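Below you'll find the structure, written out as structure tokens, and then a few comments.
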Amino acid sequence: MAEPLEISGLVKTYRQPVLDYLDLVVSGGVFALLGPNGAGKTTLVSILTTLVRPDAGVARIGGVDVVRDPAGVRRLVAATGQETTIDDLLTGHENLVMLGRLLGLGARARARADELLEQVGLVAAAGRRVSTYSGGMRRRLDLAASFMTQPYVLFLDEPTTGLDPVSRRRVWDDVRTLASTGTTVFLTTQTLDEAEALADRIAVLRQGTIVADGTAAELTALVGGQRIDLLDADGRLVHSVETDGSAGSVERALAALAPHQRGLQVSLHSPTLDDAFVALTRDHEEVAA
Ligand SMILES: Nc1ncnc2c1ncn2[C@@H]1O[C@H](COP(=O)(O)OP(=O)(O)OP(=O)(O)O)[C@@H](O)[C@H]1O
Ligand SMILES: [Mg+2]
């Protein structure tokens with residue numbers, strides 16, 4: 001059976017290679033793509049949503065080829081970031097009703113619009129023109145628009161950038177709800193807590209290919225085990241020793257300290273996804289031109 005997303009040998013070059021023979025299969029759930037600025041995340045999403053053509057390689061959504069049958073792919077996917085579908089002169093409510101009708105919801109469009117405005121917390125602003133919305137409100141309307149029908153694959157390119165913490169969590173809940181009903185979610189994000197909170201699987205894009213792929217715990221394990229950090233009175237790191245976290249290993253590490261180090265503060269540091277991301281992307285800083 002076709003996977004929700006299959007990519008093989010995908011190439012896209014602008015002035016330099018952006019995607020360089022990229023291979024990836026996503027079998028469902030919530031998938032998060034991480035990568036430094038300019039790594040090619042948006043380019044990949046644009047190819048998968050048929051806005052940009054790849055130079056070579058194959059990408060299929062549910063078995064449908066993005067180059068050969070873009071219209072077929074568009075029936076299967078929804079994406080945020082396509083603010084062109086939102087008309088500034090209409091209210092939030094009018095926008096969603098119009099979109100619902102365009103998507104064939106007919107008489108149900110109005111009820112679905114009400115439901116979505118409630119879900120993204122825009123009920124109070126529903127009757128206002130979008131031109132008066134703040135950046136965060138526009139983004140929430142954009143998200144609501146992408147939730148209008150239940151897509152087979154939903155692409156979210158940095159869905160919570162610019163949102164306050166409460167709105168962010170609301171979006172996370174919406175994404176989880178949608179994922180639990182069977183939609184495959186393809187998410188790009190700069191914030192690792194978002195990847196950790198939402199994704200079943202995380203991949204890191206660097207120099208045009210996937211350099212690491214796994215659960216948050218698997219990626220975190222790549223940067224090694226726990227460490228015992230020894231800090232001076234000002235909180236500066238003086239010494240750091242690797243440990244497996246057991247009492248015995250902590251005891252041995254402390255026993256090996258020199259007498260003058262006995263006054264240092266001890267802190268047990270478990271690697272985080274942040275540490276993994278920094279390590280995986282450290283020796284090559286892509287620069288968004
Ligand atoms: N239409 C275009 N024409 C020329 N170069 C482009 C175009 N679109 C993207 N690029 C280049 O391709 C590279 C990847 O850009 P892309 O926007 O895909 O990165 P990104 O991973 O989404 O970055 P960010 O985290 O900053 O959103 C960048 O170097 C960018 O300048
Ligand atoms: Mg981007």
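The values are calculated or read from the model by the stated rules, or taken from the named source; none is laboratory data. Keep in mind that what you see is a predicted model, and the values were worked out from it rather than measured. Cβ atoms come from the backbone with ideal geometry, glycine included; neighbour counts cover every protein chain shown. Heavy atoms of the whole protein, side chains included, go into the accessibility calculation; ligands, DNA and RNA do not. Shrake-Rupley method; radii C 1.70, N 1.55, O 1.52, S 1.80 Å.
Only bridges with both residues in the chain count here: give the DSSP antiparallel percent, nearest 5. Present the calculation step by step, with values, prior to reporting the outcome.
Working: 31 of 47 bridges.
The antiparallel fraction comes to roughly 65 percent.
Could you give the accessible area per residue of the chain, probe 1.4 Å, as a whole number in Å²?
On the way: 14470 Å² over 289 residues.
For the chain, the per-residue accessible area is 50 Å².
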(message) As a test of the formula, what do you get for the chain when each DSSP H run with n ≥ 4 contributes -39,500 (n - 2.57) and the sum is divided by the residue count, at 222 nm and rounded to the nearest 500 deg cm²/dmol?
(response) -9500 deg cm²/dmol
(request) Find how many whole Å separate the alpha carbon centroid of segment 20-75 from the alpha carbon centroid of segment 115-173. (result) 23
(request) Under 1.5 on a/c is rounded, so check that first for segment 109-159, then, if it is not, pick prolate when a/b is larger than b/c and oblate when it is not; a ≥ b ≥ c are the square roots of the alpha carbon gyration tensor eigenvalues. (result) oblate
(message) Projecting each Cα onto the charge dipole of the chain (Lys/Arg +1, Asp/Glu -1 at the beta carbon, about the Cα centre), which of Pro36, Gly225, Ser131 comes out farthest on the positive side?
(response) Ser131
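Return the carbon/sulfur percentage of the accessible area of the chain, one whole number, probe 1.4 Å, all protein chains in place.
Numbers: 7410 of 14470 Å².
Taking all protein chains in place, the chain shows 51 percent carbon and sulfur surface.
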(message) Averaging over every viewing direction, what projected area does the convex hull of the Cα atoms of the chain cover, in nm²?
(response) 19.2
(request) Output ³J(HN,Hα) for segment 120-127: one whole-Hz value per residue in order, computed from phi by the Karplus curve 6.51 cos²θ - 1.76 cosθ + 1.60 with θ = phi - 60°, and x for Gly and Pro. (result) 9, x, 10, 4, 5, 9, 4, x
(request) Mind giving me the nanometre distance, one decimal, between the label points for Asp88 and Leu231, set 7 Å out from Cα along Cα→Cβ? (result) 4.8
